[in-house]
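Down below is the structure, laid out as structure tokens.
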Amino acid sequence: MVSLIVGVVLIGFCVFACLPNGLDWSSDVINFLKGFVPAFTAFCGLISIFIGFADIKDKKEAKKEELAAKKAEENK
């Protein structure tokens, strides 16, 4: 419950800060986003690549284990 209230208050402050009648930080927020978004997307891209490589590796290992299990069943 407390986290919901804090979340609503923070979102309200963000909206108030960007309004022309409020703090009028909208141009500062836009400048921040212009610098932050490219760096953040590059970081997300790197994370996605690492996750993709790990997924490929896991699939290969699962396939090897499956083949080993089939061979073990055939040998019985």
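The values are calculated or read from the model by the stated rules, or taken from the named source; none is laboratory data. These figures come from a predicted structure and were not determined experimentally. Cβ coordinates were reconstructed from backbone atoms using ideal geometry, including for glycine residues, and neighbour counts include every protein chain displayed. Please note that ligands, DNA and RNA were not included when accessible areas were found on the heavy atoms of the full protein model with its side chains. Shrake-Rupley method; radii C 1.70, N 1.55, O 1.52, S 1.80 Å.
Here are the numbers:
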| read-out | value |
| --- | --- |
| Lys/Arg +1, Asp/Glu -1 at C-beta; the chain dipole; positive extreme among L4, G35, F16 | G35 |
| Cα-centred dipole magnitude for the chain, charges only on beta-carbon of K, R (+1) and D, E (-1), debye, nearest 20 | 400 |
| Peptide ranges 32-44, 14-26 listed from the most packed, as the mean C-beta count within 10 angstrom indicates | 14-26, 32-44 |
| Cα-derived Rg to Rh of the chain, Kirkwood definition | 1.44 |
| Computed helical MRE - 222 nm, the chain, DSSP H runs ≥ 4 contributing -39500 (n - 2.57), nearest 500 | -32000 deg cm²/dmol |
| Accessible area of K57 in the full protein assembly, 1.4 Å probe (Å², nearest 10) | 130 |
| Under 30 Å between alpha carbons - lysine pairs in the chain that sit 8 or more apart or on different chains | 12 |
| Sulfur and carbon atoms: percent of accessible area, the chain [1.4 Å] | 71 |
| Average accessible surface area per residue within the chain, 1.4 Å rolling probe, Å² | 91 |
